[in-house]
Amino acid sequence: MRHSVVIVGAGPAGAVLAYLLAKSGISVTLLERQMDFQREFRGEILMPSGLEPLSQIGLWDQMNQVPHVSLDGINVFINGRQGISVDFHEQLFGEFNPRWVSQPHLLEMIVGECGQFDNFRLLRGTRVRDLIKENNRIVGVIAEQNQERHKLRADLVIGADGRTSRVRHALNLPQKSDAMPMDIVWLKVPGPPSPERKIRAFAGKGRLLFAAPTYDHHLQLGFIIRKGSFREIRERGYPELLDEMARFVDPAFGAHLAQFRDSISNPFLLSTVSDCLTDWTYPGSFLIGDAAHTMSPVGGQGLNIAIRDAIVSANHLIPVLSSDRPLPQLEETTRLIQAERNEEVNTIQKIQALPPKVLLRDTWWSRLLFYILLRVTHGRSKTIKRIDKQSMFGKFTFGVTEVVWLDP
Ligand SMILES: Cc1cc2nc3c(=O)[nH]c(=O)nc-3n(C[C@H](O)[C@H](O)[C@H](O)COP(=O)(O)OP(=O)(O)OC[C@H]3O[C@@H](n4cnc5c(N)ncnc54)[C@H](O)[C@@H]3O)c2cc1C
């Protein structure tokens, strides 16, 4: 008897879980509303906490083929002046040095690997509209492809459909959320002629700007703005947005940004959300990744947490779903998954909530704090020799709890 799973959403959570289940012989249908993964920018920073599990599941060589920039560290500027510079090096992270990876290429690689299993199918351009419920149990989905609706039945429906999850909406599960004071404007500009492999972070005056080098010699810029103020920015026009960014950073980088003031056309807004379902399980269905707990972008955690959710889910689901015996109720198993993941998700979300409260304030005390920080750190280069895994930086890079792939 081959048990069947439908996974809604081929983001990192859905794609990694599909790969592991399919590899174990479970019949998997992965539904993705997009035809390809190029259309939307999503989180692209892979920490050791995401890289090591990908290596454990046997995708390391393939990972190294995915276009990326291995990061050399982070340069922090305060009020436009160089503050501290943190270097990454071999002893700190070994082969799992943080990297800025192209998420579309990463996802194509994973679903490509899934393609070697006959028991796997990916339906692109297929949007789940609703769930099929019988006797208070989810038994399948109603999906739309080329404007036609189809019913797909499965033993388990997994919602991995991200922050606007249709599965979450249909199940109407209780959630708790944190109010986030900021939104992020994302845009990409060509990189400077002599590219560097460090992330630049500019803080001060209630604003924050990140610039990360991408594999195609561009810079991915993330400008953190007051929640709800994007409309005002759009009305003033994108050249003014670039002017504002250029004034905010150090003069050399400002001159670089100013070159593109009349050519950017595609900035877009990420409305920041941080929430978590109190129960990820419903009979016949459960959720992982952003669908279960939408992550704030602080510290670049979303992609890594999604991968870790998928691996823990596979550890629990494979022994049950690959058995020849009739399926037991899966709720007990899916609740164990949530129990194993809750500590990490909740801890990271709590830590993520702190920095915006300080960095996005433009008050006398925050100015004083930045002034002192700049005095203390100006021009210092800090080489961290070892990371305490319990520190904030340690948790952000290595994760809070251990995730180990239990290869069946
Ligand atoms: C614009 C943007 C910028 C981000 N920036 C950052 C960042 O800088 N740092 C960070 O850590 N995190 C960031 N994130 C969050 C990070 O990308 C996510 O935490 C991570 O991708 C979660 O993975 P996931 O697989 O759970 O969901 P997602 O990556 O969101 O994948 C969900 C997939 O489901 C598909 N889907 C959705 N609805 C349906 C449906 N009804 N039917 C079929 N398919 C469906 C989507 O097309 C998508 O491919 C960002 C997210 C967005 C949207």
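The values are calculated or read from the model by the stated rules, or taken from the named source; none is laboratory data. Note that the coordinates shown come from a computational prediction; the quantities given were computed from them, not determined experimentally. Backbone-built Cβ (ideal geometry, glycine too); neighbour counts: all protein chains shown.
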Residue 16 being among the β-branched types (Val, Ile, Thr) and either under 21 Å from residue 187 (Cα atoms) or under 17 Å from the mean Cα position of the chain (by Cα) (or both):
yes
Taking the conditions exactly as written (under 30 Å from residue 327 (Cα atoms) and modelled with pLDDT under 95), does residue 75 satisfy them or not?
no
Scanning segment 154-164 for residues that are in contact (Cβ under 8 Å) with a residue 40 or more places away in the chain and not hydrophobic (A, V, I, L, M, F, W, C), the one surrounded by the most Cβ atoms within 10 Å (Cβ to Cβ) turns out to be 159
Check on residue 264, outside any helix (DSSP H, G or I), more than 19 Å from the chain's Cα centre (by Cα) and surrounded by fewer than 21 Cβ atoms within 10 Å (Cβ to Cβ)
yes
With 294, 333 as the choices, which residue is in contact with a helix residue (DSSP H, G or I) (Cβ under 9 Å, 6 or more places away or on another chain), among the hydroxyl-bearing types (Ser, Thr, Tyr) and part of a helix (DSSP H, G or I)?
333
Quick check: anything in segment 326-343 at pLDDT 95 or above and within 11 Å of the ligand (Cβ to nearest atom)?
no
Any idea how many residues of segment 165-192 are in a loop (DSSP other than H, G, I, E, B) and either aromatic (Phe, Trp, Tyr) or touching a residue at least 12 places away in the same chain (Cβ under 8 Å) (or both)?
7
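Looking only at residues that are part of a strand (DSSP E or B) and near the ligand (Cβ under 10 Å from one of its atoms) in segment 118-127, which one is farthest from residue 25 (Cα to Cα)?
So in segment 118-127, the residues part of a strand (DSSP E or B) come out as 120-123, 126-127.
Of the ones still in play, those that are also near the ligand (Cβ under 10 Å from one of its atoms) are 123, 126-127.
Details: 123: 19, 126: 23, 127: 25 Å.
Selected residue: 127.
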Out of the residues in segment 276-291 meeting the condition of being within 8 Å of the ligand (Cβ to nearest atom) and of a type in the set (A, V, I, L, M), tell me which one is nearest to residue 41 (Cα to Cα).
291
Residue check for residue 350: free of Cβ contacts under 8 Å to residues at least 12 places away in the same chain and away from the ligand (no atom under 12 Å from the Cβ)
yes
Residue that is farthest from the ligand (Cβ to nearest atom), among those in segment 300-312 that are under 16 Å from residue 20 (Cα atoms) and out of contact with any Phe, Trp or Tyr (no Cβ under 8 Å at 6 or more places or on another chain):
312
Do you know which of the residues in segment 157-168 that are near the ligand (Cβ under 8 Å from one of its atoms) and of a type outside the set (Gly, Ala, Ser) is nearest to the chain's Cα centre (by Cα)?
163
Could you tell me which of the residues 55, 27 is in contact with a strand residue (DSSP E or B) (Cβ under 6 Å, 6 or more places away or on another chain) and on the phi < 0 side of the Ramachandran plot?
27
If you take the residues of segment 128-156 that are among the β-branched types (Val, Ile, Thr), within 13 Å of the ligand (Cβ to nearest atom) and more than 22 Å from the chain's Cα centre (by Cα), which of them is nearest to residue 346 (Cα to Cα)?
141
Tell me, which residue of segment 222-240 that is crowded, with 18+ Cβ neighbours inside 10 Å and modelled with pLDDT of 90 or more is farthest from the ligand (Cβ to nearest atom)?
223
Show me the helices (runs of 4 or more DSSP H) entirely contained within segment 1-114 in which 2 or more residues are surrounded by fewer than 21 Cβ atoms within 10 Å (Cβ to Cβ) and away from the ligand (no atom under 13 Å from the Cβ).
48-56, 60-65, 90-93, 103-114
